[in-house]
Amino acid sequence: MRPELIDTHCHLYLDAGGSEAQLAAWERARGAGVAQAVIPAIDVASSRAVVALADPARGLFAAVGIHPNDTVAVAESDHVAIAELAAAPGVVAIGESGLDCYRDRAALPRQVESLRRHAELALARDLPLILHVRQAFAPTAEVLAPFAARGLRAVMHCFDGGPGDLEPWLAWGFLISFSGIVTYPKRDDLRAAARVVPADRVVVETDAPFLAPVPKRGRPNEPAFLLHTAEAVAAARGEPLTEFAARSTANARRLFRLPAAAR
């Protein structure tokens, strides 16, 4: 019997085949043991899309927000729209939001302002914040420190660092999410980080359709491939897959306040 898993981050709405293909991909995931998934948005249009796609009875939940690379032309009306969508049924998080110093699509001050707005909204709605942080650990920590002091709940989506990059996130009680990158042969640093994250802070994701894990690398990723990432993290931690899956699933349910999965 396959272990029950939760995909904490998949962009199911990006499946080019439309709604039928999206639901078919989700049915494949259910068959592979993925009981629930959180679908994060990257802008207002995709936030509306994920709210429409959310279906708790099917195990699909939404997160609304503006990706840091999409803040280049963000307007006040966009933040108003995100705040309104955050109250929609099936929305369990704000995001994805954060800072990205790898790409130069948006000036850092615009990203910072958007991140602050998202963190404030997460606190106001008592929802966790899904963080996209790429080559920006230090500035992100600087921005979020006052929000963490106020009790912000968050997950570091697609964590991409070594053990030395886990603070201050762990000190603040944030969860750490590992994607298919952890399966890549040269990422010993990431596996070392996975090894030391406390058992009650670790979750897994696909980030589909991106970052397909080994042995699916080179193909569009999908939630059905989550098991490969879970196996890699469990192996790095020296834990049986069934035990790791049970812990990561419980962690995801606690963070996003998800119900038990429908059978």
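Each reported figure results from applying straightforward, stated rules to the coordinates on display, with no laboratory input. On a predicted model such as this, the values are computed, not experimentally measured, just so you know. Don't worry about glycine lacking a Cβ; one is built from the backbone with ideal geometry, like all the others, and counts go over all protein chains shown.
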> Projected onto the charge dipole of region 75-132 (+1 at Lys/Arg Cβ, -1 at Asp/Glu Cβ, origin at the Cα centre), which of L108, A88, L129 gives the Cα projection farthest towards the positive end?
Replying inline: L108
> With each pseudo-label sitting 7 Å past Cα toward Cβ, what's the Y102-D188 distance in nm, one decimal?
Replying inline: 2.2
>> Against the empirical 2.2 N^0.38 Å scaling, what ratio does the C-alpha Rg of the chain come to?
In response: 0.92
> What spacing in nm lies between the two simple spin-label points modelled at A246 and A261, each 7 Å away from Cα in the Cβ direction?
Replying inline: 1.5
> Roughly speaking, what is the centre-to-centre gap between region 154-229 and region 127-149 when only Cα atoms are used, to the nearest Å?
Replying inline: 17
> Is it possible to state the helix-based mean residue ellipticity at 222 nm for the chain, with each DSSP H run of 4+ residues giving -39500 (n - 2.57), the sum divided by total residues, to the nearest 500 deg cm²/dmol? What is it?
Replying inline: -12000 deg cm²/dmol
> Using a simple spin-label model with points 7 Å from Cα along the Cα→Cβ vector, what separation in nm is obtained for L170 and A149?
Replying inline: 2.4
>> With +1 on the Cβ of every Lys and Arg and -1 on the Cβ of every Asp and Glu, and nothing else charged, how large is the dipole of the chain about its Cα centre, in debye rounded to the nearest 20?
In response: 540
> Which FRET efficiency value, to the nearest 0.05, do you get for A21 and R195 by plugging their Cβ-Cβ distance into 1/(1 + (r/R0)^6) with R0 = 51 Å?
Replying inline: 0.90
> Most fluctuating residue of G18, G98, G65 in a GNM of the chain with Cα springs under 10 Å: which is it?
Replying inline: G18
>> Expected output is a single nm value to one decimal: the length gained when fully extending between R219 and E142, i.e. 0.36 nm times separation in residues minus the C-alpha distance. What is it?
In response: 24.1 nm
